[in-house]
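Beneath this line is the structure, given in structure tokens, with notes to follow.
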């Protein structure tokens with residue numbers, strides 16, 4: 001079966017077999033038992049184990065699986081259904097543990113579409129979780145800045161809280177293809193931040209144009225969630241950047257809570273490639 005991915009060494013087409021992906025130049029990449037392929041050459045790694053570690057991966061999996069961010073997933077599904085044809089090719093770059101990737105794939109198939117989807121992330125531990133979510137998606141450990149994907153492949157590219165690799169995004173998108181960039185809104189997790197910090201500040205919101213893309217819309221997603229256990233509170237904390245830069249006093253205040261009600265706020269910036 002022809003893969004959406006290309007060989008990261010020579011750029012040739014990869015054929016997906018039962019246990020490996022191979023190119024005509026005899027480069028071969030094993031498919032892990034979980035279902036993902038490792039396509040990250042050593043010269044693209046910035047550390048021995050890049051990306052989210054096992055603890056953060058587990059926290060994201062547990063928290064997202066409880067549906068707290070379902071409002072964002074539902075909005076993404078609705079927007080992508082409107083932007084997609086019958087057989088769209090969709091890339092989720094920096095896909096994490098696959099919550100949004102799998103949800104979008106399942107929404108498209110439930111609507112009678114025939115999507116071809118691929119998710120990439122630089123963290124091997126988090127791809128293990130992603131690949132278990134949906135066997136109909138191709139998953140690969142890969143850098144967002146060196147995507148193992150041919151020019152002009154994708155109808156739509158999703159970047160959800162991951163680094164921007166605009167040159168690569170322009171390269172892999174078809175002319176007229178869509179790029180959805182999800183970022184936190186100003187008040188995202190405001191009540192959590194009030195517990196952690198003495199003087200929290202809102203996230204910056206701005207409209208930033210990018211060369212080669214035209215702005216189509218900025219879609220807000222705002223809701224309130226209540227976390228009903230310390231385990232869920234800690235999972236949310238551990239999957240955020242605050243986990244690494246919060247003073248001990250703030251972390252101790254959060255650890256003393258049994259419940260937490262907080263705002264969630266996202267902005268989906270929708271661009272179209274010229």
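Just so it is clear, none of the values below were taken in a lab; they were calculated from the coordinates. Just so we're clear, the structure is a prediction, and the values are computed from it rather than from any experiment. When we count neighbours, we look across all protein chains shown, and the Cβ atoms used for this are built from the backbone with ideal geometry, even at glycine.
Annotations for the structure displayed:
- The alpha carbon centroids of the range 183-253 and the range 98-135 are separated by 24 Å.
- A straight chain from residue 167 to residue 27 at 0.36 nm per residue would run longer than the Cα-Cα distance by 47.8 nm.
- Simple spin-label estimate for residue 228 and residue 20 gives 5.0 nm between the two label positions (7 Å along the Cα-to-Cβ direction from each Cα).
- For the chain, adding -39500 (n - 2.57) for each run of n ≥ 4 DSSP H residues and dividing by the number of residues yields -8500 deg cm²/dmol at 222 nm.
- For the chain, the relative contact order works out to 18 percent when only alpha carbon pairs closer than 8 Å and six or more residues apart are counted.
- Full extension of the chain between residue 135 and residue 204 yields a length gain of 21.1 nm, computed as 0.36 nm times the residue separation minus the alpha carbon distance.
- FRET E, pair residue 258, residue 187, Förster distance 25 Å, beta-carbon r, rounded to 0.05: 0.60
- Folded to 0 to 90 degrees: helix 124-133 orientation relative to the chain principal axis, Cα: 80 degrees
- Ranked by the mean number of other Cβ atoms within 10 Å per residue, highest first, peptides 110-119, 262-271 order as 262-271, 110-119.
- Cβ-Cβ FRET estimate between residue 10 and residue 216, R0 fixed at 41 Å, reported to 0.05: 0.70
- Dimensions of the range 2-273 based on its C-alpha atoms, expressed as ranges along the principal axes with the largest first, amount to 58, 39, 34 Å.
- Within the chain, percent of DSSP bridges classed antiparallel, to nearest 5: 60 percent
- Note on the range 1-44: along the principal axes its Cα atoms extend 25, 20, 17 Å, ordered by decreasing extent.
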